[in-house]
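Presented below is the structure to which this report refers.
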């Protein structure tokens, strides 16, 4: 696997160079002799929330959300009324055909989530409209031919 990261840095263009954007490109090569079927998954914990509030308050009282966008999901926190500048969004998406998105994790434990993935189990859960979610995932089922990307 090769992972390439990039951002829209343009020398001499301060406005576009300061955009909070990053891209990741994954290239996976099957070095085996047989075709391989696998599911690539990208998983993001809801990193925009205050963890002391997130784990201390009921999910229905927290104001952070994970919402859909084409090919992915958006982490969102509205900030507080006394500090609206803390509002933030962070989008993760792919243009790969066949991608599937789960807008919430079926559990609050990363280790439990990993054990499910390890067994090949994953659920495609809808966005939670009236409560916060721990994280979201993008799944890309693929078949890789020998020696191919």
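The values are calculated or read from the model by the stated rules, or taken from the named source; none is laboratory data. Just so it is clear, the structure is predicted and the values come from calculations on it, not from any experiment. Here the Cβ is made from the backbone with ideal geometry for all residues, glycine too, and neighbour counts use every protein chain on show.
Answer yes if at least one residue in segment 24-31 is at pLDDT below 85, over 23 Å from the mean Cα position of the chain (by Cα) and farther than 16 Å from residue 91 by Cα, and no otherwise.
Looking for residues that are at pLDDT below 85, over 23 Å from the mean Cα position of the chain (by Cα) and farther than 16 Å from residue 91 by Cα, one finds none in segment 24-31, hence no.
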Between residues in segment 115-133 that are closer than 15 Å to residue 74 by Cα and residues that are part of a helix (DSSP H, G or I) and at pLDDT 80 or above, which pairs lie under 9 Å by C-beta distance while being six or more apart or on different chains?
none
Within segment 38-45, identify whether any single residue is over 20 Å from residue 73 (Cα atoms) and more than 20 Å from the chain's Cα centre (by Cα), and answer yes or no.
no
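Yes/no matrix, rows are residues, columns are (1) crowded, with 18+ Cβ neighbours inside 10 Å; (2) part of a loop (DSSP other than H, G, I, E, B); (3) touching a strand residue (DSSP E or B) at 6+ places or on another chain (Cβ under 7 Å); (4) at pLDDT below 80:
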position	(1), (2), (3), (4)
41	no, no, yes, no
53	no, no, no, yes
73	yes, no, yes, no
90	no, no, yes, no
108	no, yes, no, yes
112	no, no, no, yes
116	no, no, no, yes
132	yes, yes, yes, yes
Out of the residues in segment 118-130 meeting the condition of being surrounded by 11 or more Cβ atoms within 10 Å (Cβ to Cβ) and either modelled with pLDDT of 90 or more or more than 14 Å from residue 43 (Cβ to Cβ) (or both), tell me which one is farthest from the chain's Cα centre (by Cα).
128
